[in-house]
Amino acid sequence: MRASSAVTWGKLAMALVLLAVAWPAAAAGPTPEFAIPEAPAAVPQISFTDGAGRLKTLADYPGKVVLLNIWATWCAPCRKEMPTLDRLQAELGGPDFEVVAVSMDRGGPELVKKFFAEIGVTHLALNIDTSARAMFTLGAVGLPMTLLIDRNGKEIGRLIGPAEWDAPDMVNFIRGRIAVK
């Protein structure tokens, strides 16, 4: 890595940490770590590919509340929370809600397919961004990172770190967001 690249990455990392610390929260979410902005915020444009290699964006989920999870198979907390995301999708997924888990694995979709098979994930679609651009574009300061996005494509919540996504309080919180038309 060139020295100028290291300085640029260092500046980016510091800016992302400051953004995460300074982001105001208007209300508490289902856990203290779940940050809710004072007003819904625009979500930067990201792209990723599905298991068939088709290019996808968040615009592919029109009118849905989306729980966007940024994760990787090498991330121990991500691995632990993935079954809870699968169960959340099984319970709430449908025409009004979708868990969109996007892997940052550079090893490609076969690595993610193998991991899903090992842990029994059957309700989540395979999505991957081998470039990890989505992670940086969204300001992830660590993995996993999850954004709750309303039907209008605006961020209404953010959690950095793992969660029990199928816990009753979390399911009820998300169900309440789905109910907002």
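The values are calculated or read from the model by the stated rules, or taken from the named source; none is laboratory data. None of the values given here were measured: they were computed from a predicted structure. Neighbour counts are summed over all protein chains in view; Cβ atoms, including those assigned to glycine, are modelled from backbone coordinates with ideal geometry.
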task: Keeping to region 52-91, report how many residues are of a type in the set (Val, Ile, Thr), surrounded by 19 or more Cβ atoms within 10 Å (Cβ to Cβ) and out of contact with any Gly (no Cβ under 9 Å at 6 or more places or on another chain).
output: 2
task: Return only the number of the condition from (1) under 21 Å from ASP60 (Cα atoms); (2) among the small types (Gly, Ala, Ser); (3) surrounded by fewer than 15 Cβ atoms within 10 Å (Cβ to Cβ) that SER103 does not satisfy.
output: (3)
- prompt: Between residues in region 72-94 that are more than 22 Å from TYR61 (Cβ to Cβ) and residues that are of a type in the set (D, E, K, R) and modelled with pLDDT of 95 or more, which pairs lie under 8 Å by C-beta distance while being six or more apart or on different chains?
  reply: THR73/ARG79; THR73/ASP105; TRP74/ASP105
message: Suppose we filter GLY161, GLY139 for residues that are among the small types (Gly, Ala, Ser) and either buried (at least 20 other Cβ atoms within 10 Å of the Cβ) or within 17 Å of GLN45 (Cα to Cα) (or both); which single one remains?
response: GLY139
query: In region 34-67, what residues are charged (D, E, K, R), closer than 23 Å to PRO95 by Cβ and free of Cβ contacts under 8 Å to residues at least 40 places away in the same chain?
result: ARG54, ASP60
query: Given the conditions (1) modelled with pLDDT of 95 or more; (2) in a loop (DSSP other than H, G, I, E, B), and given that VAL141 satisfies all but one, which numbered condition is not satisfied?
result: (1)
- line: Going through region 106-125 in order, the residues found to be surrounded by fewer than 18 Cβ atoms within 10 Å (Cβ to Cβ), assigned to a loop (DSSP other than H, G, I, E, B) and among the hydrophobic types (A, V, I, L, M, F, W, C) are ALA125
statement: Residue hits (region 150-181; part of a loop (DSSP other than H, G, I, E, B), at negative phi and not aliphatic (A, V, I, L, M)) are ASP150, ARG151, ASN152, PRO162, GLU164, TRP165, ASP166, LYS181
